[in-house]
Amino acid sequence: MINFSLMGAGRIGKMHAKFIAAHPKAKLKYVYDVNSQFNEEVAKSTGCSIASSPEEAINTDDVDAVLIASATPTHTQFITMAAKAGKAIFCEKPIDLDINKVNECMENIKGTNVPIQIGFNRRFDASHSKAQQARVKKEIGELEMVIITSRDPEPPGIEYLKAAGGFFRDCTIHDFDLTRFILGDDDPVVQISAFGGALFDKNSQQVKDQDTAMFILKSKKGVLIHINNSRRAVYGYDQRVEVFGSKGMVISNNQTPTSLERYTSASTNEKEPIHFFFIERYEQAYRDQFNEFIKSVENKTKPLVGFEDGRNALIIANAAYESFESGKVIDIKF
Ligand SMILES: NC(=O)c1ccc[n+]([C@@H]2O[C@H](COP(=O)([O-])OP(=O)(O)OC[C@H]3O[C@@H](n4cnc5c(N)ncnc54)[C@H](O)[C@@H]3O)[C@@H](O)[C@H]2O)c1
């Protein structure tokens, strides 16, 4: 049995609590959040204890692994504490918004040798990972283009935007990681050009963030990648990936809750709306990423997506900001 402490019991923390509690090889021992109501909700639904401090949750012999789902600025502190205590770590993306804090954390945990998995859940989506496999197995011949569309259903509130670190570090970071996953380690992205604007969301305008963005990237081998993002899509959470090569194309398409189609005098092929947002759309991916974490802790193997992947995605996001602000194509250096 792998005993867990959960740091942070907000939106995504509550989902992780559910997965830990449901897994036959895992047990949620402690939850720690600065919000006591959230602690009580998780304790009630899972039977775990409430820790009164991060130290009580992490520096305890009856815990093997720490799942960090608290607000982003707390991640490096909790990673460092957990690594020094010898615990396996699952940490939500991003590691931090500041590359200096990420580098400092990397230095601080050097030599601790604990498994660290970062929550880039899209790698575990069954359709996206089949698209990646089509590249690996050369089903589409030589890879030439990757096109990623990722649009949220609606923008978040202003308080979220103030703390999120900007659209590219908050949202596009998933697409930068997905790009790295599809291309593979031997073909890193080397250049980026970014455009963005606050076209419709007053809160984004107020905090000088973007709500709409487009990126072109180029890989070392010359593959061209296009990413487009929006904070609003009136038809739901729009998640599509197209992988194109010399022998064809694969598309990981949007998903609807059921496969029902309606045919009436007014329309044909009418389907119900696609999933509303990430918790519904990526449920299978979140569950499978947790299952993989359990396997890597159990078998003492390296997690499929680690600290270095989190750091590299942030480096691309930073290069995207440099391009957006300067209007230039930026070379990416990892
Ligand atoms: N992988 C994904 O798809 C995905 C989706 C959503 C959020 N996230 C990430 O998960 C993290 C949490 O996001 P969320 O949407 O659940 O936010 P949220 O605001 O709903 O939850 C964050 C929780 O952290 C708690 N917290 C703040 N400071 C704390 C501290 N010092 N110690 C303990 N708890 C503390 C807050 O009280 C809150 O309950 C963020 O890093 C976010 O980027 C990832």
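The values are calculated or read from the model by the stated rules, or taken from the named source; none is laboratory data. Keep in mind the model is a prediction, meaning the values are calculated, not measured. Glycine also receives a Cβ, built like all others from the backbone with ideal geometry; neighbour counts cover every protein chain displayed.
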Output for Cβ contacts, cut-off 9 Å, separation at least six or different chains, first residue more than 21 Å from ILE316 (Cβ to Cβ) in segment 98-126, second part of a helix (DSSP H, G or I) and aromatic (Phe, Trp, Tyr), reads ILE109/PHE307; PRO115/PHE293
Reported set for segment 75-87 where residues are away from the ligand (no atom under 15 Å from the Cβ) and either more than 26 Å from the chain's Cα centre (by Cα) or not aliphatic (A, V, I, L, M) (or both) is LYS84, GLY86, LYS87
Only one of (1) more than 12 Å from the ligand (Cβ to nearest atom); (2) under 20 Å from GLN289 (Cα atoms) does not apply to THR72, and that is (1)
Would a scan of segment 59-68 turn up a residue that is under 30 Å from ARG240 (Cα atoms), under 23 Å from the mean Cα position of the chain (by Cα) and in contact (Cβ under 8 Å) with a residue 40 or more places away in the chain? yes
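This table checks each residue for (1) in a strand (DSSP E or B); (2) modelled with pLDDT of 95 or more; (3) within 20 Å of MET7 (Cα to Cα).
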{"position": "LYS101", "(1), (2), (3)": "no, yes, yes"}
{"position": "ARG135", "(1), (2), (3)": "no, yes, no"}
{"position": "VAL146", "(1), (2), (3)": "yes, yes, no"}
{"position": "GLU154", "(1), (2), (3)": "no, yes, no"}
* Asked: Is it fair to say VAL34 is more than 18 Å from the chain's Cα centre (by Cα) and closer than 27 Å to ARG169 by Cα?
  -> yes
Within segment 149-165, residues away from the ligand (no atom under 12 Å from the Cβ) and either buried (at least 19 other Cβ atoms within 10 Å of the Cβ) or of a type in the set (Phe, Trp, Tyr) (or both) come out as ARG151, PRO153, PRO155, LEU161
